[in-house]
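In what follows, a single structure is set out as structure tokens and then discussed.
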Amino acid sequence: MRINGVNYKKYISYILIAYAFSFPISRAATNFFEILAILLWIIEGDWKRKFALYKNNLLSIAIALLIGFSLLSILWYGDAEVTFEYVTKYRHFFIIFVFYSSFDKRYTSHILSAFLASMFISEIISYAIFFELIHYKNILPTDPTPFMSHMTYSTILAFTINVLLARFFYKKNLKYKLFYIFFFLTATTNLFINGGRTGQVIFIILIFMTIFTSLEHKIKAFLLSISILITTFFLAYTLSPNFQKRSTQLYDDITNVIEINNYEGSGGTRLALSIIGTQTFIDNPLLGTGVAYNMHDIKTYADRNNFNASFLSRFADYHSGFLTISVQLGVVGVIISLMIIYALFTFAIQKREYKILSFLYATAFILFSLTHNTFHTMSPMVFFALFSGYFNSLSSKCD
């Protein structure tokens, strides 16, 4: 549709493709294309049509509620400056609205292709750091994640690996199949030379989901899944010192929690923060603590549970996206969290391949959100905005 002779939808779609390409490798470029897409979306206008679309879309409603009630929390537990600073980060979510009303579905495959191309570049740089062929900032060869935290990178890698596997099953061209399986192998290796255990756990779950939903013969699917996982983890444990080290650390963390009530390891810390967050929500169920106040009483709750208060006081959130929202906004936060989760799993996408990819993404993001505040730092927020917006747009009745 042209407005004043300008095909805004086409140009917005081009910008969103550039945005998808930028995400894995450049924060500056991601911000630039994000702002450009939003500005063009505003200039495009046509707000009567857009609001008619948004008011009937669950994800759009949930994001509007999240932003609106986070601002309203100033009224009950408010530091206006801190609240505005926090909520300003939600600007990344406007891309979800841009996708839903202004993305041309003719470019559906281009978004994924741009993202995969950029992940390939990111992977090459990661390997170059790992083999000490280049030095990039202060990134160590033992944890070669150049553009984002290893937890975020490992999650995105796990999702990427399963996109590649799904494309291998659904594409007919042999040249593409060979490229996808090559990229699958190199990306899987890259996942296990990095330090992100979250992505490795997500990888296990998504492999089963991808193969079981892509193959009709379920016994064959089960055997293939088990074979891939056993081979991958055997080689990773044998050949990757980083994977060995991180596996041992996780075992030690669990042992310390069970045997000596020590929650100071990585795994124990997340468990302690989840306990504190749950108790904080129970004490403030109706309105929550407000965005500006959600971690102020962490020492009190740490002492109540005999946790190391001085250790836990260093953390700014509960290492859980949905738990943090629920603590901040009370029962409304719980409702918003459930709306987002439900929306991610129920996009009405007709094409089977994209429906499967959407389901894989929803699973990856929700598992990621159990161990990270995915609604507060840039890379996880863009991961959410890009792919929830993208798959949501594929369910839009907008042509």
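Where helices (runs of 4 or more DSSP H) fall wholly inside segment 283-352, the ranges with 2 or more residues that are polar (S, T, N, Q) are 321-345. Test Tyr14 against the stated conditions and say whether it is of a type outside the set (Asp, Glu), farther than 18 Å from Phe384 by Cβ, surrounded by 15 or more Cβ atoms within 10 Å (Cβ to Cβ) and under 23 Å from the mean Cα position of the chain (by Cα). Yes.
Counting only residues that are surrounded by fewer than 17 Cβ atoms within 10 Å (Cβ to Cβ), in contact with a helix residue (DSSP H, G or I) (Cβ under 6 Å, 6 or more places away or on another chain) and at pLDDT 95 or above, segment 68-93 holds 0 of them. Inside segment 376-388, residues that are surrounded by 24 or more Cβ atoms within 10 Å (Cβ to Cβ), under 16 Å from Phe322 (Cβ atoms) and not small (Gly, Ala, Ser) make up a count of 2. If the condition is being aliphatic (A, V, I, L, M) and either closer than 14 Å to Thr186 by Cα or within 20 Å of the chain's Cα centre (by Cα) (or both), then segment 103-153 contributes Ile111, Leu112, Ala114, Leu116, Ala117, Met119, Ile121, Ile124, Ile125, Ala128, Met148, Met151. Only one of the listed residues (Phe183, Phe212) is aromatic (Phe, Trp, Tyr), in contact with a Leu (Cβ under 7 Å, 6 or more places away or on another chain) and either at pLDDT 90 or above or crowded, with 19+ Cβ neighbours inside 10 Å (or both). That residue is Phe183.
Among the residues of segment 121-176, those that are aromatic (Phe, Trp, Tyr) and either assigned to a helix (DSSP H, G or I) or under 24 Å from Ala28 (Cα atoms) (or both) comprise Tyr127, Phe130, Tyr136, Phe147, Tyr153, Phe159, Phe168, Phe169, Tyr170, Tyr176.
Residues in segment 1-54 that are of a type outside the set (A, V, I, L, M, F, W, C), over 18 Å from Ile111 (Cα atoms) and either touching a residue at least 40 places away in the same chain (Cβ under 8 Å) or part of a helix (DSSP H, G or I) (or both): Glu44, Gly45, Asp46, Lys48, Arg49, Lys50, Tyr54.
Quick one: is Phe368 part of a helix (DSSP H, G or I), crowded, with 22+ Cβ neighbours inside 10 Å and within 17 Å of the chain's Cα centre (by Cα)?
Answer is yes for this residue.
In segment 116-153, which residues are in contact with a helix residue (DSSP H, G or I) (Cβ under 9 Å, 6 or more places away or on another chain), among the aliphatic types (A, V, I, L, M) and surrounded by 16 or more Cβ atoms within 10 Å (Cβ to Cβ)? Residues satisfying the conditions are Leu116, Met119, Ile139, Met148, Met151.
Looking across segment 291-307, just one residue is surrounded by fewer than 22 Cβ atoms within 10 Å (Cβ to Cβ), in contact (Cβ under 8 Å) with a residue 24 or more places away in the chain and either within 24 Å of Met151 (Cα to Cα) or of a type in the set (Lys, Arg) (or both), and that is Arg304.
If you check Leu178, Leu165, which single one turns out to be over 25 Å from Ser358 (Cβ atoms), assigned by TED's automatic domain parsing to the domain that holds Ile228 and either modelled with pLDDT of 90 or more or hydroxyl-bearing (Ser, Thr, Tyr) (or both)?
Answer to the check: Leu178.
Take the residues of segment 22-63 that are more than 21 Å from Phe391 (Cα to Cα) and of a type in the set (Asp, Glu): which is surrounded by the most Cβ atoms within 10 Å (Cβ to Cβ)? Top of the filtered list is Glu44. Comparison of Leu338, Leu360, Leu370 shows that the only residue that is free of Cβ contacts under 8 Å to residues at least 24 places away in the same chain and closer than 23 Å to Thr198 by Cβ is Leu338.
With respect to (1) closer than 20 Å to Asn57 by Cα; (2) touching an Asp or Glu at 6+ places or on another chain (Cβ under 9 Å), the lone exception for His376 is condition (1).
The values are calculated or read from the model by the stated rules, or taken from the named source; none is laboratory data. Note that the structure is a prediction, hence the values are computed from the model and not measured. Cβ: placed from backbone, ideal geometry, glycine included. Neighbour counts: every protein chain shown.
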